[in-house]
Amino acid sequence: MKNFVFHNTTKVIFGKGQVETVGEQVAAIGGKILLVTGEVSVKKTGLLDRVKEKMTMAGVEFVELSGIKPNPEIDSVRRGAAICKESGVDAVLALGGGSVIDASKVMAAGAVYDGDPWDFFEKKIKPANPLPVGVVLTISATGSEANGNAVVTNPAVAQKRAMYHPLWYPRFSILDPELTYTVPADQTAFGAVDILSHVFEQYFHDVDGTDLQDGFAETIMRSVIQGAKTALDDPDDYGSRANLMWGSTLALNGVIGAGAQGDWTCHMLGHELSAKYGLSHGAALAVVFPGWMKFMAERKTSRFVKFAKAVWNVDPKGKNELQTALEGIEATVRFFRDTLKVGVTLEDYGIGGEKIELMADAVIAHKGVDALGGLKRNDLIAIYKSAMG
Ligand code: NZQ
Ligand code: ZN
């Protein structure tokens with residue numbers, strides 16, 4: 001196990017009915033807030049009205065910014081930062097999923113910075129003294145509810161960039177699984193792919209002595225697989241929605257990655273698909289991971305054997321190690337395609353191979369070839385090509 005510092009500053013308020021506490025939670029971080037929401041869901045479900053009522057009762061003033069799109073764009077962040085400055089708000093409340101939360105984190109940093117918020121992603125300037133951010137989570141997927149990451153797209157340069165900053169952890173996150181009953185089947189499925197992908201990125205490493213993290217990661221994977229299956233059959237099943245929600249948080253709040261070393265290559269490959277083709281985050285990962293796993297199975301055979309046995313119950317009798325590993329990978333692909341019903345090839349999303357080299361070059365230009373788990377340009381191209389279908 002490697003040395004690590006674990007310092008997660010997000011207070012999690014978890015469980016049925018916890019959204020009722022939003023007024024008091026918000027009042028503890030600000031007196032006038034920017035309330036940020038997505039396109040339509042919080043209006044349709046009535047959640048927006050419930051939250052506004054609770055804030056009014058708690059004496060909190062607010063200004064609203066709605067319409068944040070999936071794969072949030074830098075222009076909406078710029079707008080949010082400008083509203084914060086004009087209105088003199090002292091905190092931001094994100095009411096939504098990863099897109100709303102990520103955009104809110106960057107708005108909160110942009111609110112106290114005179115330049116363009118895209119500068120943070122270009123590493124021109126570090127965020128300093130951002131406004132505090134609170135979260136009411138409505139979809140289980142990214143883990144943004146309890147981490148310091150934000151991912152924003154800049155269509156002007158066709159780039160989707162991820163960035164971490166220790167000041168970007170939300171002050172609090174309300175995780176009320178009942179709020180996810182209305183998440184449609186495709187978004188539930190994409191969310192499950194994303195949670196599993198976060199575990200994959202941190203599980204297939206080369207570090208010895210991580211039994212504790214491995215066991216934790218395997219339990220998250222099994223619970224999310226079971227939770228997604230049940231939630232797709234019965235969207236109002238509380239236990240499944242609760243396991244997915246807590247799984248979302250635990251997969252990317254620093255716990256399973258502490259002392260182990262992931263490389264996040266598939267996320268980088270997936271971000272290029274989202275930037276160049278507008279693919280949703282979960283869809284992009286469902287396309288990239290099968291090819292990456294098959295590519296890596298020979299390099300990290302023992303990890304893939306461990307995964308096959310622990311997560312998919314693959315019986316190794318009568319098989320060599322590589323066969324056992326590949327059986328676990330096939331089970332993963334079948335789960336994505338047949339149970340979650342998500343596309344697993346570029347063809348499934350109507351995408352051809354014409355930008356593959358461009359995307360591979362963009363990943364290398366952004367991350368540097370040393371950050372890709374030993375993969376080189378040709379390997380990235382081969383993984384994209386294997387995703388063509
Ligand atoms: O916009 P509305 O109308 O609210 O609809 C949303 C959206 O269409 C809908 N939705 C959310 N909650 C709902 C609901 N519909 C019905 N009922 C509800 N309760 O779901 C759709 C997707 O929402 P979005 O926020 O985009 O999903 P997600 O949470 O998957 O976030 C994706 C974004 O997060 C980034 C992704 O790259 C992507 O931009 N990520 C952020 C990470 C982080 N900050 O740590 C890590 C991830 O790897 C990821 O990169
Ligand atoms: Zn992700």
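Brief remarks follow.
- Acute angle (nearest 10 degrees) that the helix 265-277 long axis makes with the longest principal axis of the chain, alpha-carbon atoms: 60
- Judged by the ratio a/c of the largest to the smallest principal axis of the C-alpha gyration tensor, region 6-97 counts as rounded, that ratio being less than 1.5.
- Förster-model FRET efficiency, 56 Å R0, Q323 and K85, C-beta, rounded to 0.05: 0.40
- Taking amide hydrogens as placed 1.01 Å from N in the peptide plane, the amide H of F172 sits under 5 Å from those of K11, V135, each at least 5 positions away in sequence or on another chain.
- Peptides 192-204, 324-336, 61-73, ordered by how many other C-beta atoms sit within 10 Å of their residues on average, highest first, read 192-204, 324-336, 61-73.
- For a straight C-alpha distance cut-off of 18 angstrom, the lysines reachable from K85 (same-chain residues fewer than eight places away being disregarded) are K32, K105.
- Neighbourhood charge, 14 Å Cβ-Cβ cut-off, centred on Q261 and excluding it, Lys, Arg +1 and Asp, Glu -1: -3
- Whether region 198-356 is rounded, prolate or oblate, judged on the alpha carbon gyration tensor where a/c under 1.5 counts as rounded: rounded
- Here the Gaussian network model covers the chain, with springs between Cα atoms less than 10 Å apart; of D237, D75, D211, D211 fluctuates the most.
- Cα centroid of region 1-36 to Cα centroid of region 167-237, whole Å: 19
- C-alpha long axis of helix 301-312 to longest principal axis of the chain, angle in °: 70
- Working from Cα pairs under 8 Å separated by at least six residues, relative contact order for region 288-389 is 30 percent.
- Cβ-based net charge around K317, under 15 Å, with every Lys or Arg adding one and every Asp or Glu removing one: -1
- Normalising the average separation of contacting C-alpha pairs (under 8 angstrom, six or more residues apart) by the number of residues puts the relative contact order of the chain at 15 percent.
- Zone residues, region 22-45, relative to D75, backbone N less than 20 Å from point 7 Å out along Cα-to-Cβ: 36-40
- Counting only alpha carbon atoms, the long axis of helix 281-297 and the longest principal axis of the chain meet at about 30°.
- Here each label is just a point 7 Å from Cα along the line to Cβ, and for R50 and R299 those points are 4.6 nm apart.
- Most mobile of L285, L346, L358 in a GNM of the chain (Cα contacts under 10 Å): L358
- Net +/- balance of residues flanking K276 in space, Cβ distance below 11 Å, scoring K and R +1, D and E -1: 0
- Looking at the chain, the accessible area is 41 square angstrom per residue; that uses a 1.4 Å probe and ignores ligands, DNA and RNA.
- When only Cα pairs below 8 angstrom with a gap of at least 6 residues are kept, region 11-179 shows a relative contact order of 28 percent.
- Judged by the ratio a/c of the largest to the smallest principal axis of the C-alpha gyration tensor, the chain counts as prolate, that ratio being 1.5 or greater while a/b is larger than b/c.
The values are calculated or read from the model by the stated rules, or taken from the named source; none is laboratory data. Just so we're clear, the structure is a prediction, and the values are computed from it rather than from any experiment. Neighbour counts run over all protein chains shown; Cβ positions are idealised from the backbone, glycine included. We work out accessible area using only protein heavy atoms, side chains counted, and drop any ligands, DNA or RNA first. Shrake-Rupley method; radii C 1.70, N 1.55, O 1.52, S 1.80 Å.
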